[in-house]
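What follows is a single structure, written as structure tokens, with notes after it.
Taken together, the values in this text are just the output of simple stated rules run on the coordinates, not laboratory data. What you see is a predicted model; the values in this text were computed from it and never measured. Please note: Cβ atoms are built from the backbone with ideal geometry, for glycine as well, and neighbour counts cover all protein chains shown.
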Amino acid sequence: MRYNIKGVCKIFHEEEGWGWGWISIEGEDDVWVHFSSIQMDGFKSLTKSDVVSFDLEENLNLKEQSRRAINVKKLVKFK
């Protein structure tokens with residue numbers, strides 16, 4: 001497991017109250033994310049281009065979701 005990685009939401013699908021998507025990491029393969037791994041109050045969702053931090057869990061026995069983001073937190077952008 002790797003900790004405190006930064007990435008950008010590439011795509012997030014919201015379907016019937018739950019969602020899943022992909023986070024891009026510079027120089028690496030995309031990482032799968034499930035809404036249950038997002039750390040926030042209320043409806044858990046990401047929007048394309050959201051900057052996030054997360055822990056990376058790897059399970060090479062899985063095909064599509066072998067690299068999964070957990071403990072996902074949106075990072076606040078300051079102007």
Next item on the list: Using θ = phi - 60° and the Karplus relation 6.51 cos²θ - 1.76 cosθ + 1.60, list the HN-Hα couplings for the stretch 42-48 in order, rounded to whole Hz, with x at every Gly or Pro.
Entry: x, 5, 8, 7, 10, 10, 3
Notebook entry, point to check: What percent do you get for the relative contact order of the chain when only Cα pairs under 8 Å and 6+ apart count?
Noted result: 32 percent
Note to self: Can you work out the Karplus-derived ³J(HN,Hα) for every residue in the stretch 19-25? Use 6.51 cos²θ - 1.76 cosθ + 1.60 with θ = phi - 60°, whole Hz, and x for glycine or proline.
What the structure shows: x, 7, x, 9, 10, 8, 10
Next item on the list: Treat the count of other C-beta atoms within 10 Å as a stand-in for reagent exposure and order R67, R2 from fewest to most.
Entry: R2, R67
Checklist line | Most mobile listed residue (S45, S53, S36) in the chain, GNM with C-alpha springs under 10 Å | finding: S36
Check: For the charge dipole of the chain, defined by +1 on Lys and Arg C-beta atoms and -1 on Asp and Glu C-beta atoms about the Cα centroid, which residue among N61, V72, W22 has the Cα displaced farthest towards the positive pole?
Finding: V72
Next item on the list: Give the long-range amide H neighbours of D50: residues separated by 5 or more places, or on another chain, with amide H under 5 Å away, using H modelled in the peptide plane at 1.01 Å from N.
Entry: C9
Next item on the list: Could you tell me whether the stretch 24-79 comes out rounded, prolate or oblate from its Cα gyration tensor? Rule is a ≥ b ≥ c as square roots of the eigenvalues, rounded for a/c under 1.5, then prolate if a/b exceeds b/c, otherwise oblate.
Entry: oblate
Margin query: Output wanted: per-residue J couplings in Hz (rounded whole) for the stretch 31-36, from phi through Karplus 6.51 cos²θ - 1.76 cosθ + 1.60, θ = phi - 60°, x for Gly and Pro.
Written below: 10, 6, 9, 10, 4, 5
Next item on the list: Note the count of lysine pairs whose C-alpha atoms are less than 23 angstrom apart in the chain, limited to pairs 8 or more residues apart or on different chains.
Entry: 21
